[in-house]
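The block underneath contains the structure these notes are about, expressed in structure tokens.
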Amino acid sequence: AAAGGGEASTGSFDIGLPGAEEGKVVTRFPPEPSGYLHIGHAKAALLNQYFADMYKGKLIVRFDDTNPSKEKDEFVENILKDIADLGLRYDRLTYTSDYFPQLLELGDKMIRAGLMYADDTPVEQMREQRGKGEESACRGRSVEENLRIWEEMKAGSEVGLTNAMRFKIDMKSVNGTMRDPVAFRCNQTHHWRTGHKYKVYPTYDCACPFVDAVEGVTHALRTSEYKDREEQYYWILSAYQKLWPGLPNVHIWDYSRLNFVNTVLSKRKLTWFVDTGRVESWNDPRMPTVQGILRRGMQIEALKEFILSQGASKNVTYQEWDKIWTINKKLIDPVCPRHTAVEEAGKVLLTLEDGPAEPEVVTMPRHKKHAPAGLKAVTRSRQLWLDQADAASLAEGEEVTLMDWGNAVVKTITRDAAGAVTALSGHLNLAGDVKKTRLKLTWLAHAPACELLPLSLVDFDYLITKKKVEEDDNFQDLVNPTTRFEKAALGDPNMRTLQKGEVLQLERKGYFVVDEPYRGPGRPIVLFAIPDGRAKSQ
Ligand code: ATP
Ligand code: MG
Ligand code: MG
């Protein structure tokens, strides 16, 4: 079977893996523990799961922990949480660091075979030489000299520290990744798992082909921007196979990287947002991390559906956030409970002349078409709070509908000098036809027995102002200065029992997720607005 290219019209990865046999496929998801998982990683994880399932094979989750300077326990713990939240089912959990002894042994064999050499050319100069295809003066070092320096590197000595061990491939190759890439470099930093045991660490290029093969990975999925590295991967793997009998082959299969508009998806850049305090943490609702978008009200099912609808296209495209939030809305709308809120700023009292002298409490479903959402108590009283925006749109004599109650007629509208409505009066017309009114108003009782709850309604904007961030953009120039918007409101008393993470609709205001539930008087319930996929006017 051919890997094929082009667009899959109907989503789903209906293109198979080359040389795949049922029951024998092994895929792997190899996160580096240098940040939390983002939505691009979720694609990689779910795609590996998809193919493992399709061929009744196995999935390995591997912590690719070869760079102690970037990695820490916090990231390992949170990636494990993200993997669990994504519902990933894996057969083995492994660590590249478990293979350090074997990789060092392999380094030894490669040097003896004349396939690696130690180079102390300064980093800048080395980069320049690689660009020009010029050989380093160290390329001709003898096996003995390389072995001697290798020992210095493993010991982390002064001489060792100035050297890097490079593959001896081809400095003249048109493919830049073939120009003697670095295989091992020294690092004195504490490694999150092996501590100070090692002073020299393999690069990704050096470790990945070996670990893939030795773990029996049959298909290594990589994003298509690694296409150039395919030749290098196969060169390195076949060199190892000659020195390490029995190392099997690995197929590389590439897929397109997931990008989103107004978003950076790179741990280096996301780390910057965390470290500079522009967001609270990795799980900030503005972050494109798995934890961030779940905290913003994304349902796991919506995330999965979106990713699997991507298809096997190898074209790198920028996805619209609206698309994934639309999928999410379709899942939450049919089930999430309805509640009522009135904005604090400019809220207006409507006095109903014939309203009930004593407040009446009626029971209503929390979702009219979904009984499992339960019931809520609605208090009807003589005085009702309305939103300023609604009050300002009324006309004297107009008949309106009070939601979950019936019609009323507006009698007087009192305004201040600036034109804002300060008070309304009217009377009920419960025999009136609710289908004939222009406005269906949300309202809350103003009565001593009806304790309204303070709410903080929080909405967010993109962290990045530019729609399509390109490779040569400096993302720090594109940072949106204001991305968090907060409004005080009052909520109906039923909201007291909402739990953290629960999703609800505030009638006529939109969908929200509870970030801080009710915590006692004086402390607002914090609700985050969930985008619903429709472009909003902010
Ligand atoms: P980042 O740039 O975010 O650090 P990375 O590739 O360096 O990404 P890894 O932890 O090494 O981070 O990635 C784990 C896996 O996720 C790899 O297989 C990688 O190719 C894949 N991956 C990373 N970013 C994306 C993305 N935007 N779309 C699809 N797959 C991705
Ligand atoms: Mg990586
Ligand atoms: Mg990266």
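Read the figures in this text as sums done on the coordinates, not as results from a lab. Just so we're clear, the structure is a prediction, and the values are computed from it rather than from any experiment. Don't worry about glycine lacking a Cβ; one is built from the backbone with ideal geometry, like all the others, and counts go over all protein chains shown.
Judged by the mean number of other Cβ atoms found within 10 Å, the most tightly packed of the peptides 227-240, 22-35 leads the ranking 22-35, 227-240. Relative to the 2.2 N^0.38 Å rule of thumb, region 338-445 has a C-alpha radius of gyration ratio of 1.08.
Length available on full extension from residue 238 to residue 431: 0.36 nm per residue minus the Cα-Cα distance, which gives 61.0 nm. The C-alpha radius of gyration of the chain, expressed as a fraction of 2.2 N^0.38 Å, stands at 1.28. Of all lysines in the structure, the ones whose alpha carbon falls short of 28 Å from that of residue 168, not counting any fewer than 8 places away in one chain, are 70, 109, 132, 154, 197, 199, 227, 242. Other residues within the sphere of radius under 13 Å centred on the Cβ of residue 433, judged by their own Cβ, net out at +3 (K and R +1, D and E -1).
Write down the Å³ per residue value for the convex hull defined by the alpha carbon atoms of region 26-259.
On the way: hull volume 28.6 nm³, N = 234.
Spelled out: Cα convex hull of region 26-259, divided by residues, is 122 Å³.
Express the relative contact order of the chain as a whole percentage, based on alpha carbon pairs under 8 Å and six or more residues apart in sequence. Intermediate values should be presented prior to the final figure.
Details: 1077 pairs, mean separation 67.9, N = 538.
Relative contact order, the chain: 13 percent.
Which FRET efficiency value, to the nearest 0.05, do you get for residue 416 and residue 476 by plugging their Cβ-Cβ distance into 1/(1 + (r/R0)^6) with R0 = 60 Å? Before the final figure, lay out each step's value.
Values: r = 45 Å, r/R0 = 0.75.
That pair, residue 416 with residue 476, gives E of 0.85.
Can you give the FRET efficiency to the nearest 0.05 for residue 499 and residue 81, using r as the Cβ-Cβ distance and R₀ = 22 Å? Efficiency for this residue pair is about 0.70.
Just to verify a number: FRET efficiency for residue 189 and residue 535, C-beta to C-beta distance, R0 = 45 Å, to 0.05?
Details: r = 46 Å, r/R0 = 1.02.
The formula returns an efficiency of 0.45 here.
Across region 17-63, Cα pairs under 8 Å and at least six residues apart give a relative contact order of 58 percent. Net charge in the neighbourhood of residue 191 (other residues with Cβ under 15 Å of its Cβ; Lys, Arg +1, Asp, Glu -1) is 0.
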